[in-house]
Amino acid sequence: MNMKARQVIVIGGGPAGLMAAGQAAEAGADTRLLEKMKRTGLKLCITGKGRCNITNIAEVSDFISRFGKTGPFLRQAFARFFNGELMAFFNALGLDLVTERGGRVFPASGKAPDVHRALLRWSQTSGVRIIHSAAVTNLLTRHGRIAGVLSQGREIACDAVVLAAGGASYPATGSTGDGYRLSESAGHTIVPARQALVPLETAGDEAKRMAGLNLRNVLTRMLIDGRKKKEHFGEVGFTDFGITGPSILALSGGAVDSLNSGHKVVFSIDLKPALDEKKLDARLQRDIASQGIKPISSLLRGLIPREMVPVCLLCIDIPAERTACLISAKERRRLRTWLKDFRLEVTECRPFAEAIITAGGVDTREIDPRTMQSRKTKGLFFAGELIDIQADTGGYNLQAAFSTGWLAGRSAARLS
């Protein structure tokens, strides 16, 4: 061991931790990565439904806006290591990438484990020593700065620690909130952790009756106490417990926060977003005129998926056997309203085990965005989901993990 090299310990072997460790080692630090599980990257290997959306080709300004109020905190990290650098990094490791709809970037193989393997090989080649089944129970400090860690009952001295222990989502992969406790022990404020990018449970049995159905190209609006707050165009899926899919996940963070604050949350789905009320009514009248002798259930199958027909008829209170031409103008208005404003009340969110990411974490105001170093304890750095940064789906969260990991690792290695 080169005793002159700076001693860096990285806690957590996810995307942020592997990137931080590899960068610290490449910058000349003697680097050890401590992973509590038997292997690294468990969550990374299942992200993006097993495909791993590593980044997005969007501009920096779009990225920052996706992270909401804490987005500006990431400006420095993105300035140092952004999507172009990340894509070049993986290409240099022999990992081919493809860009898909919405600017989302995936490994060409479509396999998330390929991303993990490339990262793991690179970090080890860079000189990182990875120690598995090595949970860290305490940070050791002396005179306001990091002196080491306590792991497996053994004190390990070091000059710097990069804390990349993840959030609290998918706890079976090792993300059980350990990083919050360690951060608090170093004097940091933790913004309360809650589920984000998470499916939602709904009242009634409408969703259950349509379980397995996925809608595309619909407009979903989130209403808080009757007022529209946000909307998202895309896909919605129905399950035994409620709703999921890209649009629901994108809006779920606001829904969770509103529910936790005691507000009423309703999702309104516009099944015909390309048609305004007038054009939709004209469409309905044409269909009724051409199919008037058929039952209303047959007419509806030309408008909505078969699985939705019984739910629609129940909601608008029209018998399935009613002949289409006998529908009154009032009933037609009810149908038109339902098609443009199908509502489901949200009762709660699914548990952390089903949340893609965790909202909340270490308060960004207590981290120097130029280095990712703690403003409370010198030599302590943060990276990834542990920090209070979160965006919707599309590759934004993983890019933030890689960018903060890159900056934290390089900074830790060069700490003076």
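The values are calculated or read from the model by the stated rules, or taken from the named source; none is laboratory data. Being a predicted model, the structure only gives us computed values, none of them experimental. Cβ: placed from backbone, ideal geometry, glycine included. Neighbour counts: every protein chain shown.
Observations, loosely collected:
- Scanning region 285-305 for residues that are aliphatic (A, V, I, L, M), in a helix (DSSP H, G or I) and surrounded by 14 or more Cβ atoms within 10 Å (Cβ to Cβ) returns Ile288, Ile296, Leu299, Leu300.
- Test for Val128: is it over 28 Å from Ala359 (Cα atoms), touching a Lys or Arg at 6+ places or on another chain (Cβ under 8 Å) and of a type outside the set (Lys, Arg): yes
- When Lys208 is tested against (1) modelled with pLDDT of 95 or more; (2) out of contact with any helix residue (DSSP H, G or I) (no Cβ under 9 Å at 6 or more places or on another chain); (3) part of a strand (DSSP E or B), only condition (3) is not met.
- Test: Asp392 is more than 30 Å from Thr141 (Cα to Cα), outside the structural domain of Ile224 (by TED's automatic domain parsing), under 18 Å from the mean Cα position of the chain (by Cα) and in contact (Cβ under 8 Å) with a residue 12 or more places away in the chain: yes
- Top-ranked residue in region 306-330 [being part of a loop (DSSP other than H, G, I, E, B) and of a type in the set (D, E, K, R); ranked as farthest from Leu213 (Cα to Cα)]: Arg322
Let's see how each residue does on (1) within 25 Å of Arg365 (Cβ to Cβ); (2) surrounded by fewer than 19 Cβ atoms within 10 Å (Cβ to Cβ); (3) among the basic types (Lys, Arg); (4) touching a strand residue (DSSP E or B) at 6+ places or on another chain (Cβ under 6 Å):
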| position | (1), (2), (3), (4) |
| --- | --- |
| Ile130 | no, no, no, yes |
| Ala135 | no, yes, no, no |
| Ala168 | yes, no, no, yes |
| Ser175 | yes, no, no, no |
| Gly179 | yes, no, no, yes |
| Leu182 | yes, no, no, yes |
| Ala193 | yes, no, no, yes |
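- Test: residue in region 81-104 that is crowded, with 20+ Cβ neighbours inside 10 Å and in contact with a Gly (Cβ under 6 Å, 6 or more places away or on another chain): yes
- With a requirement of 1 or more residues that are among the hydroxyl-bearing types (Ser, Thr, Tyr) and farther than 21 Å from Gly361 by Cα, the strands (runs of 3 or more DSSP E) lying completely within region 1-114 that satisfy it span 30-34, 97-100.
- Residue check, Lys229 assigned by TED's automatic domain parsing to the domain that holds Arg333, without any contact (Cβ under 8 Å) to a residue 40 or more places away in the chain and within 23 Å of Ser65 (Cβ to Cβ): yes
- Any chance Val198 is in contact with a Cys (Cβ under 9 Å, 6 or more places away or on another chain) and either touching a residue at least 60 places away in the same chain (Cβ under 8 Å) or surrounded by 14 or more Cβ atoms within 10 Å (Cβ to Cβ) (or both): yes
- Flag if Thr347 is assigned to a helix (DSSP H, G or I) and of a type in the set (Val, Ile, Thr): no
- Residue in region 131-150 that is closer than 18 Å to Gln23 by Cα, in a strand (DSSP E or B) and out of contact with any Ser or Thr (no Cβ under 6 Å at 6 or more places or on another chain) present: yes
Rundown of residues vs (1) modelled with pLDDT under 95; (2) farther than 17 Å from Ala400 by Cβ, yes/no style:
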position: Gly17; (1), (2): no, no
position: Ala21; (1), (2): no, yes
position: Gly71; (1), (2): no, no
position: Met87; (1), (2): no, no
position: Asn91; (1), (2): no, yes
position: Gly94; (1), (2): no, yes
position: Arg101; (1), (2): yes, yes
position: Val105; (1), (2): no, no
position: Lys111; (1), (2): no, yes
